[in-house]
Amino acid sequence: MSDANATTPPRESATRFDVIVIGAGFGGLCVLHKMRELGLTARVLEMGDGVGGTWYWNRYPGARVDVQGIEYSYSFSKEIEQEWDWSEIMPTQPELERYLNFVADRLDLRRDIQFATKVVAMTYDEAHGDWLVQTEAGDYFVAQFVIAATGCLSAPLAPNIDGLDSFAGVTLLTNQYPKDGFDFSGKRVAVVGTGSSGVQAIPVIADEADHVYVFQRSAAFTRPANNRAIGPEEMQAIKADYPALRQRQLNSFSGTLHFGAVTHVAADPDDKILAAPMEKRLSKVDELGWSAPWAWSDVMEDVEANKAGVALYGELVRRSVDDPDWAESLTPHYPIGCKRPILDTGYFDAFNSGRVTLVDLRKDPIRRVTSTGVQTEQEQIDVDVIVLATGFDAMTGALNRIDIRGRDGRRLRDEWTDGPYSLLGLQVAGFPNLFTITGPGSPAVHINMVMAIEHHTEWIADCLTYMHEHDYRCVEPTVDAQNAWADHVWSLVDGTIRASDSCNSWYLGSNVPGKRRVYMSYVGGQIMYKQKCDEIVADGYRGFRFS
Ligand code: NA7
C-alpha cells in the first residue's frame, strides 16, 4: 500500500471511473474502445507491461495462432482491416503482438491503460452499487462496472513435479516466456508437456538446441498446419473481400472457415466405412491424408466412428515417425475431440531428426527433478534447460485468482466450487455489474475467439445503453436463469464423447488437481449462442434483474 493510502480508507483514496476493464489483450482493447464510444470513462488494468494478453505472455519459440489471422482479427474497424497486412495465414506470436500494438496506437488506447498493474481483489459495495477494485501495489479504483477481459487460457499451471525448485539450470515457462527470448544453441533441453504449446515449441527448439528430450504424458492429436506466406497481391484481394469474409464467418458454426471441409465422406452413401475392412479404411489415409481421422461427420457422436478415426490417426503417425516404439507412444489412446485439436509445423519430423528423444511418461514416469535434470523411474536425464509447457487453469483460473466478493461478501471462487455457473458466460448471480468477456458457459474457446470477444463487447455495450435509457444502476442474472443456462450448456455435452469418462481435458477442468469436473464451454456454436443471447434481450433481458 502506498503512503498516501496508509491512512486513508480505500474508498476515499480510490480513483473513480465508470468502468474498470481487467486485461489488455484482444478483449480488453476491444472493450476499452467500445466504452469510449459510449462516452464512458474507462481504465484498463493490465498485469503485463505491454498490450497483448495471451499474445504478450505466450512468446515461446514457435508460438502461433491456429486459425487464420485474417479471421482472427478485429472486424469492428474497417480502417484497421485495410491498414494491416498479415504476412502469413497463421501468424506467429510476434506478428499478433505487433498487430495488437498497432491497434492500441491506431485507436490511441494506451492513455487509458495502466500497465504492470495486477488486480488482486474486488468487492461489490452494496450501498453505493459499485465495485472497489484493489491492485497488488495497494492502489484502489471505484467503478460502477467491472468488465473482466481476463482470458480463457491465462492462468498458468505449474506442474506438481517434485524437486522443480532444486534444478540448477534454467527453467522456462511457455506461458510466461522471457521477453528477450532465450538462446538454446548448444543446450540440452527438457520439454515437459505436449499440448499445443509443447507441440509448437519442440520442433523450433530442436532446430537450435543440442538435444531436446520430450517428456510426454499424453500423446496429442496434431496435424500439419499447412501454413504459408500471404503475398501483397493476395493480401489486397483479402482486403477487398473483407465484408464478404466477415459475413461468411458470421454464417459459420465456429467463425473459422478453413476447418470446413472434413465431413464429405459421411455424405458418400458407398462409404460404409465402419463396416468396411481395415484395408479399405486405411485407404482413407491415402485419399485424405491428415483429414482422414476427422472425415466422418459423426466422429464426435459415435464411439465406433471415433475409434475408427483414432486408428487412422495411429496409421498416419506410424507413416510419419521412423521409430516404431515412438510412433506407438505418439499415438493417442483416448477419443478424438476430447482435447482441443492441435495444428503443428514439423512436429513428427522432429522425432526423425536425431536431435529429439521421446520419453513416454506412461511407461517411465518422472520421479523428480534434480539439480542437474529430470529423473524418471528408469534413468537420470541431465539437461541445461527445462521448458514447462504444462498448460493453464482454463476458463475460471484467471477470475478465481482474484478475490472477487459480490453481494453479502460471497466469493466467486466459492460460488463456482460445483462448476462455473453464469448466465450466457456474461454475468454471475450475486455479482452485479460485473461482466465477463468470454466467461465460462460461453462458446469462446470452441469458436473464433476474436469474434466471441466482439460479440460479448457489443452485447455488454447494448446492455449498458439499455440501463442508461431506463435509469437502472445495477444488473445481474437471477439464480434460476443462471441454473437453467448451466443445464442447457451441460445438456449439449452430456452423453457425448467430450464428457465421457475416457476424456480428460482443460475444457473439463480435469488438468487441475481438485477442480470439479464440469464442461465449461458452450458447444452449440456461435449461431445458436447468439440466437439465445438475442432472444433474451428481445424478451426484455429475460433472466437478468435490473434495479
Ligand atoms: P495444454 O493443452 O493443457 O497442455 C499441457 C500439457 O502439459 C499436456 O500435454 C499435459 O499432459 C502436460 N502436463 C501437465 N502437467 C504435467 C505433468 N505434471 N507432467 C507431465 N506432463 C504434464 O496446454 P497448452 O499450453 O499446450 O495449450 C493450451 C491451449 O492453448 C491449447 O489447447 C490451444 O487452445 C492454445 P496431459 O494431457 O494432462 O496428460
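The values are calculated or read from the model by the stated rules, or taken from the named source; none is laboratory data. Here the structure is a predicted model, which is why all the values come from computation and not from measurement. Every residue, glycine among them, receives a Cβ derived from its backbone with ideal geometry; neighbour counts consider all protein chains shown. The protein model used for the area step is the full one, side chains on, heavy atoms only, and it has no ligands, DNA or RNA in it. Shrake-Rupley method; radii C 1.70, N 1.55, O 1.52, S 1.80 Å.
The smallest convex shape that holds all Cα atoms of region 345-475, its convex hull, gives 182 Å³ per residue. Label positions at E83 and A168, each projected 7 Å from the Cα along the C-beta direction, are separated by 5.3 nm.
Each Lys or Arg adds one and each Asp or Glu subtracts one; over the other residues with Cβ under 14 Å from the Cβ of G406, this totals -2.
Under the convention that each Lys and Arg Cβ holds +1 and each Asp and Glu Cβ holds -1, the size of the dipole of region 1-157 around its Cα centre is about 100 debye.
Estimated from the Cβ-Cβ distance and a Förster radius of 35 angstrom, the FRET efficiency linking D302 and A484 is about 0.75. Where the only charges are on Cβ atoms (+1 Lys, Arg; -1 Asp, Glu), what is the dipole of the chain about its Cα centre, to the nearest 20 debye? Roughly 620 debye, rounded to the nearest 20.
With a point put 7 Å past each Cα toward its Cβ, work out how far Y466 is from A240 in nm, to one decimal. Computed distance between label sites Y466 and A240 equals 4.1 nm.
Cβ screening of the chain for cysteine pairs under 4.7 Å finds these without a partner: C30, C152, C463, C474, C533. Computed extension length for A158-S502: 121.5 nm, one decimal, from 0.36 nm per residue of separation with the Cα-Cα distance subtracted.
Given a 1.4 Å probe and the protein chains all in place, what does the accessible area of T150 round to, in Å² to the nearest 10? Per-residue accessible area (T150): approximately 30 Å². Within the set of other residues whose C-beta is less than 10 Å from the C-beta of F351, count the net charge using Lys and Arg as +1 and Asp and Glu as -1. It works out to a net charge of -2.
Given a Förster distance of 22 Å, report the FRET efficiency between E535 and D494 from their Cβ-Cβ distance, rounded to the nearest 0.05. After rounding, the FRET efficiency stands at 0.50. Starting from the Cα of M278, step 7 Å toward the Cβ, then list every residue of region 296-327 with an amide N under 12 Å from that point. Output list for this probe position: 311-312, 314-315. Each of G255, T345, G406 was scored by the projection of its Cα onto the charge dipole of the chain, and the greatest displacement toward the positive side belongs to G406; charges sit on the C-beta of Lys, Arg, Asp and Glu. Under 5 Å from the amide H of G163 lie the amide H atoms of V369, each residue being 5 or more positions distant or on a separate chain, with H modelled from the backbone and absent for Pro and chain starts. The modelled label-to-label distance between K363 and R217, using points 7 Å beyond Cα along the C-beta direction, is 2.0 nm.
Projecting the Cα atoms of W485, S502, I460 onto the dipole axis of region 445-504, where Lys and Arg carry +1 and Asp and Glu carry -1 at the beta carbon, places S502 farthest toward the positive end. For the chain, take the longest principal axis of its alpha carbons; what is the angle in degrees between that and the long axis of helix 479-491, to the nearest 10 within 0 to 90? In the chain, helix 479-491 runs at an angle near 10 degrees to the longest axis.
A simple count of charges around L38, restricted to other residues whose Cβ falls under 13 Å of its Cβ and scoring Lys, Arg +1 and Asp, Glu -1, yields -3.
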